[in-house]
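The structure appears right after this line, and notes come after that.
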Amino acid sequence: SVRGAEAAVRIIVDGVPIGSPSEFNTILTDLQQIEILKGPQGAIYGRNASAGAIVITTRAPQNEFGGQAQASVGNFNSYNGALSVGGALIPDRLLARATFASTNTDGPFQNVNTGDLVRRWRENSGRVRFDWLPTDSLNVDFRFGASNGRGGAVAY
């Protein structure tokens, strides 16, 4: 794709299309599956799928209580952390899963005139999902997500 133009690859997260690739600058945690579909996918995923689609599915809540944690550190004062927990609130009827993640980096560049860290990025995000199974043939899921990111300029 040309910078500033609409993307030729559609990104779908849990069935919701992402309008712009710049909106997809987020932490990927607690994933179940990532599908890479090459070639035109407009018949299934609509516009902006002329070169393909990336379909991301997050982990669904289960009856068993469980979770996972991950952390990493790296160059440029970088660190990432994520925590996911889930289980049954009402066994076989109401399931829940929550994921929280945080990332921080100063980035590899510093503006020599101002001293600003040009590629710095800090983000906190969270996602909560409830699956309600009122009958054996009906599944209703509620998904909530939020993120807050702050950063410097984009370096080309």
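The values are calculated or read from the model by the stated rules, or taken from the named source; none is laboratory data. The structure displayed is predicted, hence computed values, not measured ones. Glycine gets a Cβ as well: all are built from the backbone with ideal geometry, and neighbour counts include every protein chain shown. The accessibility values were calculated without ligands, DNA or RNA, using every heavy atom of the protein model including side chains. Shrake-Rupley method; radii C 1.70, N 1.55, O 1.52, S 1.80 Å.
Side notes on the structure shown:
- Contact map, the range 27-41: residues that are over 19 Å from GLY52 (Cβ atoms) paired with residues that are open to solvent by less than 50 Å² (accessible area, probe 1.4 Å) and among the small types (Gly, Ala, Ser), Cβ distance under 7 Å, separation 6+ or inter-chain. Pairs shown: ILE27/ALA82; ILE27/ALA101; ILE27/SER125; THR29/ALA82; THR29/SER84; THR29/ALA101; ASP30/SER84; GLN32/ALA60.
- Residues of the range 78-136 that turn out to be touching a Gly at 6+ places or on another chain (Cβ under 8 Å) and over 25 Å from GLN32 (Cβ atoms), as a count: 9
- The range 109-130 - residue that is of a type in the set (Lys, Arg) and either surrounded by fewer than 16 Cβ atoms within 10 Å (Cβ to Cβ) or farther than 18 Å from ALA60 by Cα (or both) and, of those, nearest to the chain's Cα centre (by Cα): ARG122
- Test: ASN75 is among the polar types (S, T, N, Q) and open to solvent by less than 40 Å² (accessible area, probe 1.4 Å): no
- Candidates in the range 25-54 are the residues that are assigned to a loop (DSSP other than H, G, I, E, B) and under 19 Å from ARG129 (Cβ atoms); of these, the one that is most open to solvent (accessible area, probe 1.4 Å) is LEU28.
- Extreme residue, least open to solvent (accessible area, probe 1.4 Å), among residues of the range 131-156 that are outside any strand (DSSP E or B) and among the aliphatic types (A, V, I, L, M): ALA155
- For the range 108-130, the count of residues that are under 26 Å from GLY19 (Cβ atoms), outside any loop (DSSP other than H, G, I, E, B), of a type in the set (Ser, Thr, Tyr) and touching a residue at least 12 places away in the same chain (Cβ under 8 Å) is nonzero.
- Selection count where residues are more than 17 Å from the chain's Cα centre (by Cα), in contact (Cβ under 8 Å) with a residue 12 or more places away in the chain and part of a strand (DSSP E or B), scope the range 55-78: 4
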